[in-house]
Amino acid sequence: MKRFCTVFCVLTLATLGVKAQPVSGSSYEMMLTTAADCLAKNDYYNALEWYDKAYDEERDPSLRPIIARLHYLLRDYTRAERTYATVLRRDRDNEFMDLRFNYGRVLKMNGKYPEAIAELELFLSESSNDSLKVLAKAELTGAELAMELPDLANGVTVTNLGKNINSSFSEYSPSLNKGGNELFFSGFDTKEVILIDEENQNYHAKVYSASRTGEDWSKPQALGNTVNRPGVHTSNVSISSDGRTMFLTRAVLEGNILKDSRIYYAMGGEGEWGAANEVEGINGDYLTKQAVQGELFGRDVLFFVANMPGGEGGFDIYYASRQSDGKYSAPVNLGPAINTSGDEETPFYRDGTLYFSSTGHPGLGGFDIFYSSWDGQNWSDPLNMGKGYNTSVDDKYFSIDEKGYNGFLVSNREGGRSTHSATCCDDIYGFEVAPLFTNLVAGVFDEAKQPIMGATVQLIEVLPNRTTEVGATTNEKGNRFDFELDFDRAYLVVASGELHFPDTIELSTYELSESKTFQERFFLKAKPVVPAEPEYDTITIEEVFVLENILYDFNDDRIKTEAEADLEVVLELMNQYPEMKIELGSHTDNRGQATYNRNLSQRRAESARRWLMRQGVDRERIEAVGYGEEVPKTISAKMAARYDFLQEGDVLTEDFIDALPTEVLQEAAHEINRRTEFKIIEGPTSVTIKRTSLRSNKQEKSNDRKALPQAKPLQSSKTNPEIHPFSSLYGKKDLKGVPIMVFEEREVDFGEVPKGEQRYHTYTFTNKGDVPLKIATVIACECTMADFSYSEVAPGESAEIDVTFDSSEKDGEEVISIDIILENEEPTSGNPIIEKIKYQFVVVKP
């Protein structure tokens, strides 16, 4: 009697069949006895042959379930489906209810997912077999998943390695050397049925290697006896990342049962391998196989497969920590996150990700390839690799190179080379992943959809507790902006223009499975154009002219420091026109008693006169008049142009001010009433002064390198005296229902900073709006660290933003802008409110 070998399931289950010579006139009972004997020895091929003969002899329907099961075990799913269908079609009494689970699984293996779902749902509704119902639920979920997934992941190409590598029998466990030009794998390297008799003892699986030249593989060569020990099956080869260690499995079959399987290792590389020795610490009174190198907790480990007692199911994946070459600590089960009541096999580890195949997790077919990420403490929930990598049959031995674009897998999918059926045997496949990319192309336009030249686009990465600027570009010659993006990132993109309000969009590259170009268009709103003030003012006799910087605190008559600049202008006029006499008239707001206010205004006027007298001006040339609250300010056209809550001709009486809608506007009107004016009462009929002379104090402050205070609210907005030009609310008219962020100063100067040192500043702001304010994020360059609170700031409350500047990567003079993005939105556009603060510095050598 001769025997031949058919090896399925990549030596996970090895099947040797006794090929009996035909027995002329065999009785039905002898056929059944022979078939049962073969089945008891796991000789599925010969068991199927004898059961087929017996069924042909007597047509006994009780044999059909056995024959269907044998077709399934031999991975002939077409015949298995046909046979199960015949059995269940006649099962009107649900005698074979458990077979419906097998039938549903076979339908799934043949890619008939709707039919498989129907059969599995029927089984779940009728069966009382709880253990099978657990598996059926996973099969049902997998079939539903298969119907949802695309046919093939974009950019992935899977190709059979061809006849130089793959034979008509199974090949498995492909593993590249360190250089990537030599492929090691296990197989039989035969084109015909393997006959086992006294003349053929060299039938065992061996480890082979093949070299690659370009896209072609050489004819495989079996490694020497130091690796391929005669008389045992040598399989499941893998090469360590440094190329120095080969791991392999040596298996012994007793009859047709996998009796022993142990993990070995060999040292060497570069075409020479030493004798294989058994790995210490992980082998035992159980089967071990499929070892690969990995890393956990910062240590080298060995992932491997075993069916040791106490596991989660059949074969589980374990790891053991490396102690020295070939010696490892006690095995540790990866636990229920990875292992199931089914089988988990063929692990592969790369850069924090474990790839493996499973029959217990919901899959498209039999064994599906999954992956799970390690976060330093736990494994993530395994995810199916999807179609292309997985099919309706068995897909195993996934591996991928360091760059992540090329790899291998093993599958019995149709189209491969086989001896028994279209899906009986495994081939090695190569896959290639097209390099993925993602980028941003942004265009900046105005509301009329015309390009904005000179705009700036910032790309900011949004991290859990901070943001960092990736890049910022100003395009003076066009309106297109290009940025390369990274995968698994969240970004904020801010577009701005000197004459336009900024706008933002958010985008995410998380969960991208293919290359993508984000195309975004910004349509920026123009800032209101404030007419330029004339360079000169002409003052005629008896015309009242307001000294804008001579303002007073409530209930105070002292001259503020900032008032001196305007008084110096008056002093220059008095010196230029010696014959000129003037009146300094002071006014108060309407709060307080009239007599008190008149006296207060008189003191204020006399305070201004005393300042001029100290500079040498005769008392007789200055009349100081306190009008109190009797002459409220009448708004001129020039003032109405600056404050659009006021109209030309408005008189700021008590009734008028009380009718203003907010306290902020009321206080602004009171401050306008608290003023000092001068008019010429004798001398020249007119004088001409440069308007910037009356702004000299502000200009000096702008050049002061110690601190840049907030611009005066009344001079910074036509709409609302609290809105600063650095706010995206600047120019907006309807500000109900929005927070108003008022800073003590928006610009500061760190002066000279020795390179490498840090500077700190706290920006304090108050919410002057009527709703709570909440900061979403603060954006600055990498040299800036901003610390702020995510808590709401109620109306009237104040909060702080602490800013740290690190000069290590800076040189010379620069102004840094810090964008504050609020969760609150602008009332009309729905865009986030954006506020800006700045600091400047000059980095010098230490």
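The values are calculated or read from the model by the stated rules, or taken from the named source; none is laboratory data. Since we're looking at a predicted model, the values are computed, not measured. We place every Cβ from the backbone using ideal geometry, glycine too, and count neighbours over all the protein chains shown. Only protein heavy atoms, including side chains, enter the accessible area calculation; ligands, DNA and RNA are left aside. Shrake-Rupley method; radii C 1.70, N 1.55, O 1.52, S 1.80 Å.
Couple of notes before you dig in:
- In the chain, a dipole from Cβ-located charges (positive for Lys and Arg, negative for Asp and Glu) runs towards its positive end, and of Tyr55, Gln615, His670 it is Tyr55 whose Cα lies farthest in that direction.
- Calculated on the Cα set of region 387-442, radius of gyration then Dmax: 15.2, 58 Å.
- Cα gyration tensor of region 767-846 - equivalent ellipsoid semi-axes, whole Å, descending: 30, 13, 10
- Couplings for region 840-846, taken from phi via the Karplus curve 6.51 cos²θ - 1.76 cosθ + 1.60 with θ = phi - 60°, read 10, 7, 10, 7, 10, 5, x Hz in order; Gly and Pro are left as x.
- Dividing the summed -39500 (n - 2.57) terms of all DSSP H runs of n ≥ 4 by the residue count of the chain sets its mean residue ellipticity at 222 nm at -6000 deg cm²/dmol.
- With the simple spin-label model, which puts each label point 7 Å out from Cα in the Cβ direction, the Arg759 to Thr468 separation comes to 2.3 nm.
- Quotient of the Cα radius of gyration of region 287-405 and 2.2 N^0.38 Å, N being its number of residues: 1.01.
- Quick note on region 238-298: its Rg to Rh ratio, both from C-alpha atoms and Rh being the Kirkwood radius, is 1.03.
- Only the Cβ atoms of Lys and Arg (+1) and of Asp and Glu (-1) were treated as charged; on that basis the dipole of the chain about its Cα centre amounts to roughly 1420 debye.
- Cβ-based net charge around Pro336, under 14 Å, with every Lys or Arg adding one and every Asp or Glu removing one: -4
- Every Cα-Cα pair of the chain was included, and the share exceeding 45 Å stands at 53 percent.
- Axis of helix 130-148 versus longest Cα principal axis of the chain: the two differ by about 60°, to the nearest ten degrees.
- Along the axis of the charge dipole computed for the chain (Cβ charges of +1 for Lys and Arg, -1 for Asp and Glu, origin at the Cα centre), the listed residues Tyr319, Leu600, Met246 are led at the positive end by Met246.
- Shape category assigned to region 32-156 from the gyration tensor of Cα positions, a/c cut at 1.5: prolate
- Å³ per residue enclosed by the Cα convex hull of region 252-341: 122 Å³
- Cβ-based charge dipole, the chain, positive-most Cα from Leu364, Ala455, Ala222: Ala222
- Ranked by how many other beta carbons lie within 10 Å on average, peptides 355-366, 269-280, 759-770 from highest: 355-366, 759-770, 269-280
- Potential lengthening between Arg603 and Tyr28 on full extension [0.36 nm per residue; Cα-Cα distance subtracted]: 193.9 nm
- Annotation: amide H-H contacts under 5 Å for His500 (H modelled 1.01 Å from N, sequence separation of 5 or more, or interchain): Lys527.
- The gain in end-to-end length when the Ser373 to Ser131 segment is fully stretched comes to 84.2 nm, 0.36 nm per residue minus the alpha carbon separation.
- Taking 0.36 nm per residue of separation and subtracting the Cα-Cα distance, full extension of the segment from Arg244 to Tyr405 would add 55.6 nm.
- Treating r as the C-beta distance of Asp486 and Ala275 and R0 as 45 Å, the FRET efficiency rounds to 0.45.
- Note on Val332 and Ile681: their simple-model spin labels are 9.5 nm apart, each label 7 Å out from Cα toward Cβ.
- Accessible area per residue for the chain is 47 Å², calculated with a 1.4 Å probe on protein heavy atoms, without ligands, DNA or RNA.
- Tilt relative to the chain, helix 97-109 - C-alpha long axis, 0 to 90 degrees, to 10: 70 degrees
- For region 451-525: rounded, prolate or oblate by the Cα gyration tensor [a/c cutoff 1.5]: prolate
- Packing, taken as the mean count of other beta carbons within 10 Å per residue, orders the peptides 321-329, 141-149 from highest to lowest as 141-149, 321-329.
- Between 0 and 90 degrees, the angle of helix 64-73 with respect to the longest Cα principal axis of the chain falls at about 60 degrees.
- Site pair Thr86 and Ala40 shows an inter-label distance of 2.7 nm when each label is modelled 7 Å from Cα along Cα→Cβ.
- Among 798-804, 602-608, 476-482, the order from most to least packed when residues are scored by Cβ within 10 Å on average: 602-608, 798-804, 476-482
- Expressed in units of 2.2 N^0.38 Å, where N is the residue count, the Cα radius of gyration of region 345-424 is 1.15.
- Hz values of 3J(HN,Hα) by residue in region 602-617 - Karplus curve (6.51, -1.76, 1.60), Gly and Pro given as x: 5, 4, 5, 5, 5, 4, 5, 5, 4, 4, 5, 5, 5, 8, x, 7
- Convex hull per residue volume in Å³, alpha carbons only, for region 33-88: 67 Å³
- Cα principal axis extents for region 602-668, largest first, Å: 45, 22, 19
- Summing charges over neighbours of Lys755, with a neighbour being any other residue whose Cβ is under 15 Å away from its Cβ, gives -4 when K and R count +1 and D and E count -1.
- Across the alpha-carbon set of region 354-502, the Rg to Rh ratio works out to 1.22, Rh being the Kirkwood radius.
- Over region 565-644, the reciprocal of the mean inverse Cα-Cα separation, the Kirkwood hydrodynamic radius, stands at 14.0 Å.
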